[in-house]
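Rule-based calculations on the coordinates, nothing more; no lab input. Just so it is clear, the structure is predicted and the values come from calculations on it, not from any experiment. Cβ sites come from the backbone with ideal geometry, for glycine too, and all protein chains shown count toward neighbours.
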Ligand code: FAD
Ligand code: S2G
Ligand code: ZN
């Protein structure tokens, strides 16, 4: 349905033939070359917004195999799409036409964890949750956490510069990724791996692969700095009457929790309703227009608990919050996190989601939800706003029975114009993918886009790496 839904023309790539398949089988074992219906799940994205028609999925295990595959595709002018966990939300991880899918799922070796420096070296196909449990054994944590951790790959996280629930504390991957190894469009292996935080020797090329969504190279390995695991984690879940109070609570938390604050998330009532009903979860408090999660991660549980309880008490006394619970019981914390992390999945169960992942100034962070509600009226089942308020990152979701051009035209480009007027970002953390190249100009100047195209042209002159994604065609 991609073609009838989006006006896009196939590039002049060669079509796959039997010779190609047997060549791939000479590089990989036969069972790591998938064809026919085995390719189905690799052809459709998580939100079912793009369905490609790839005839082959390749599952390399080593950098050398990736290099051989790409070298061949480059020579045969075959387009490729690198795929991690396929949890991307902008249609970037699946073929648009018949691109060759290179699935990184078997490149899942963790090579080394240095508990002293916290530096981990691993292949890009390690599932985030698996990496998390491996580094936990060495007293470390991975510096990001997303609701898709059970499926997404650390290589996909790097390729989308994923943000997630703890960016406010641990920063983004441009800071914590110390080195990458990547296969370039001509199959060459570029080794930018590093075991150190400091390396000022020439241009910092690794950043080209962080957030470029598979369009400049295929990340095969990475070196990641992992912080020491906190001794104490505490969580507060609070109810608030207005968005102004959300801002006041955020301010108070920064003052009173300061250095131990590790996450600040906001959930509006429709979003919490969605996750609690669709996933059968119990919310410890109910029926407020807004909710927030404050997480602290520190070294002394008594001290942190006291700070968090003081914060709640002061916030109540100042009528910034109207209700709240604090806990450090793992099962209770898990339940609260699930009510936040499973909103995306819940909204998807309710119907087709038009998703907008935008950075907006906090002063009018939530206004857009009302503006869109007004615009779509009863066409939509629900308009919800939630997300990483600590990073000024709003997740605006419009749920309707099914995809409709009518709603599509009501919300796009409205949401992007609205965001651009506030000098916000039309994609805070999910990337541009297939859905947003035509809106890139709302957040990047013509000169910036021109330079991106020159870099793309220098690194992938045949344009075989993840075509139709990230950069506008014209
Ligand atoms: P994929 O979806 O497979 O690919 C994503 C992009 O990266 C594609 O363009 C693909 O071509 C490219 N790519 C993948 N692997 C490689 C590689 N090795 N080399 C080069 N290119 C590659 N995102 C956030 O930022 N924050 C969140 O809080 C968040 N929460 C989510 C919650 C849910 C329930 C879901 C379903 C998604 C969420 N996401 C979030 C979106 C998604 O999980 C992230 O974008 C994630 O980083 C994608 O990882 P992946 O391995 O699934 O990549
Ligand atoms: C999150 C997931 C995607 C969405 O949960 O933080 O990134 O917009 C989002 O529902
Ligand atoms: Zn998010």
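For region 156-195, the square roots of the Cα gyration tensor eigenvalues, ordered a ≥ b ≥ c, give a/c of at least 1.5 with a/b no greater than b/c, which places it in the oblate category. What the Cβ-Cβ distance of residue 414 and residue 191 gives, at R0 = 45 Å and to the nearest 0.05, is a FRET efficiency of 0.50.
Measuring spread by the Cα atoms of region 419-474 yields a radius of gyration and Dmax of 11.7, 37 Å.
Tell me, what is the FRET efficiency for residue 328 and residue 174 to the nearest 0.05, using R0 = 35 angstrom and their Cβ-Cβ distance as r? Don't skip to the answer; put the middle values down first.
Values: r = 31 Å, r/R0 = 0.90.
After rounding, the FRET efficiency stands at 0.65.
Is the C-alpha gyration tensor of region 50-124 telling us rounded, prolate or oblate? Criteria: a/c under 1.5 is rounded; beyond that, a/b larger than b/c is prolate, otherwise oblate. Intermediate results must be reported in sequence, preceding the final value.
On the way: a/c = 3.17, a/b = 1.68, b/c = 1.89.
Judged from the Cα gyration tensor, region 50-124 comes out oblate (a/c at least 1.5, b/c at or above a/b).
For region 86-169, the Stokes-Einstein estimate of translational diffusion at 10 °C and a viscosity of 1.306 mPa s comes to 116 µm²/s, using the Kirkwood hydrodynamic radius over alpha-carbon pairs.
As I understand it, the value is the acute angle between the Cα axis of helix 367-376 and the longest principal axis of the Cα atoms of the chain; what does it come to in degrees, rounded to 10? For helix 367-376, the angle is close to 70 degrees. Within the chain, all pairs of alpha-carbon atoms sorted by distance into 10 Å bins from zero give the percentages 4, 20, 29, 26, 16, 4, 1, 0. Packing order of peptides 290-297, 363-370, highest average first: 290-297, 363-370 (average count of other Cβ atoms within 10 Å over each peptide's residues).
Length gain on complete extension for the stretch residue 8 to residue 401, per 0.36 nm per residue less the alpha carbon to alpha carbon distance?
Working: separation 393, 0.36 × 393 = 141.48 nm, distance 2.50 nm.
Once the chain is fully extended between residue 8 and residue 401, it gains 139.0 nm.
Based on DSSP H segments of at least four residues, each scored -39500 (n - 2.57), the chain has a per-residue ellipticity at 222 nm of -9000 deg cm²/dmol.
Label separation (residue 473 vs residue 204): 3.5 nm, computed from points 7 Å beyond Cα along the C-beta direction.
With only Cα atoms counted, region 358-474 has Rg and Dmax values of 15.8, 48 Å. Sequence-distant contacts, meaning Cα pairs under 8 Å at least 6 residues apart, place the relative contact order of region 349-474 at 27 percent.
Could you calculate the contour length gain from residue 109 to residue 242, that is, 0.36 nm times the residue separation minus the distance between their Cα atoms, to one decimal place in nm?
Fully extending the segment from residue 109 to residue 242 adds 43.2 nm.
The angle between the Cα long axis of helix 18-27 and the longest principal axis of the Cα atoms of the chain comes to about 70 degrees, rounded to the nearest 10. Which residues in region 358-392 place their backbone N less than 11 Å from a point set 7 Å from the Cα of residue 422 along the Cα-to-Cβ direction? Residues passing the 11 Å test: 358-372, 392. Extension gain, residue 116 to residue 367, is 85.7 nm, computed as 0.36 nm per intervening residue step minus the present C-alpha separation. Placing a pseudo-label 7 Å from each Cα along the Cα-to-Cβ vector at residue 137 and residue 30 gives an inter-label distance of 3.5 nm. Taking the average, over residues, of other Cβ atoms within 10 Å as the packing measure, peptides 141-151, 118-128 rank 118-128, 141-151 from highest down. Under a no-solvent Debye model with one identical scatterer per Cα of region 214-334, what's log10 I(q)/I(0) at q = 0.16, 0.17, 0.18 Å⁻¹? Each listed q corresponds, in turn, to -0.78, -0.85, -0.92.
Between the helical axis of 446-459 and the dominant principal axis of the chain, each derived from Cα atoms, what acute angle in degrees is found, rounded to the nearest 10? That helix lies at roughly 40 degrees to the long axis. Between residue 75 and residue 449, the FRET efficiency from the beta-carbon distance, with R0 = 22 Å, is close to 0.15. Taking label positions 7 Å along the Cα-Cβ direction at both residue 254 and residue 129, the computed distance is 3.4 nm, reported to one decimal.
Equivalent-ellipsoid semi-axes (√(5λ), Cα gyration tensor) for region 332-412, whole Å, largest first?
Semi-axes, largest first: 22, 18, 9 Å.
Computed over all pairs of different Cα atoms, the Kirkwood value for the hydrodynamic radius of region 173-246 is 15.3 Å.
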